[in-house]
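Values in this text are rule-based calculations from the coordinates and carry no lab data. What you see is a predicted model, and the numbers here were worked out from it, not measured in a lab. Cβ placement follows ideal geometry from the backbone for every residue including glycine, while neighbour counts extend to all protein chains displayed.
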Amino acid sequence: MEAQFITGTGTDIGKTWLACALLRHWRTEGRRVAAFKPILSGFDARHAEASDAGQLLAALGREVSAAEVDAVAPWRFAAALSPDMAAAKEERDIDFDALVGFTRRVAGADSVSTLIEGVGGVMAPLDAMRHTVRDWIAASGLPCVLVAGSYLGSLSHTLTALEALLKVGAGVTAIVVNETPGSAVGLDVMLVSLAHHAGDVPLVAIARDSPQAGVARLAKLLC
Ligand SMILES: Nc1ncnc2c1ncn2[C@@H]1O[C@H](COP(=O)(O)OP(=O)(O)OP(=O)(O)O)[C@@H](O)[C@H]1O
Ligand SMILES: [Mg+2]
């Protein structure tokens, strides 16, 4: 399968949760899997297993060691801020070309089901040079999965993110609506409304109380 970039409408929307669920699903099918979180902010080495890199490594069945974290998440920052702000706090910069080069390199192998988790949402800034996550996706030439929620207001956030991706020519393989707990908006009605505006992009719903059907459907769609 072609490697997929996992992006979202914003932070905390379920990118890591979804990536881990997909990796575990594929492993039960005997597939070879790989996953990366190239930019990781809010990283504390004393709690590496709780970080996105730690969670991805656990889902891959790999050890959460310093070397493994380094291999999966080479750009790590202590502050839980957007990448540009987290890097600036440490007087560092994210070299966009190096980031794209890394992403293209690790995405290379077709025989391995590879996921690259982004950071924050589609328009999260990476540096002071006007690069955002969507530029990273487009420059890497990878198709992406857009993770959204089902909270009130998510329709606009989701369609805005979709437009932003399409504007730079990024391929969107699927939009995943990951149910927001306690939302007044039903998952089904959200999908009906989204379908009117999302063109040909497949929509996948993940229900909190029975996520496996959505995960299995997405896993198949990506292969
Ligand atoms: N479908 C789900 N079922 C159960 N828990 C979920 C689900 N989706 C997300 N979560 C939980 O919600 C929280 C936020 O999800 P997650 O860490 O995957 O977000 P994220 O988009 O990767 O955030 P970040 O921008 O920090 O990378 C986590 O505690 C995660 O386990
Ligand atoms: Mg994450």
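Of note:
- Output for region 82-93, where each listed residue is crowded, with 21+ Cβ neighbours inside 10 Å and of a type in the set (A, V, I, L, M): 86, 87
- Selection from region 58-81 of residues that are surrounded by fewer than 21 Cβ atoms within 10 Å (Cβ to Cβ) and in contact (Cβ under 8 Å) with a residue 40 or more places away in the chain: 81
- Taken as a whole, the structure leaves residue 27 outside the set of residues that are surrounded by fewer than 14 Cβ atoms within 10 Å (Cβ to Cβ), farther than 23 Å from residue 11 by Cα, under 20 Å from the mean Cα position of the chain (by Cα) and not aromatic (Phe, Trp, Tyr).
- Selection within region 1-24: residues that are surrounded by fewer than 24 Cβ atoms within 10 Å (Cβ to Cβ) and among the charged types (D, E, K, R). The member of this set that is farthest from ligand 1 (Cβ to nearest atom) is 2.
- Among the residues making up region 44-69, those that are part of a helix (DSSP H, G or I) and small (Gly, Ala, Ser) are 45, 48, 50, 53, 54, 58, 59, 66, 67.
- Residue within region 150-162 that is part of a loop (DSSP other than H, G, I, E, B), over 29 Å from residue 34 (Cβ atoms) and under 18 Å from the mean Cα position of the chain (by Cα) present: yes
Yes/no matrix, rows are residues, columns are (1) surrounded by 18 or more Cβ atoms within 10 Å (Cβ to Cβ); (2) within 16 Å of ligand 1 (Cβ to nearest atom); (3) basic (Lys, Arg); (4) at negative phi:
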residue	(1), (2), (3), (4)
118	yes, yes, no, yes
139	yes, no, no, yes
145	yes, yes, no, yes
156	no, no, no, yes
160	no, no, no, yes
179	yes, yes, no, yes
199	no, no, no, no
208	no, yes, yes, yes
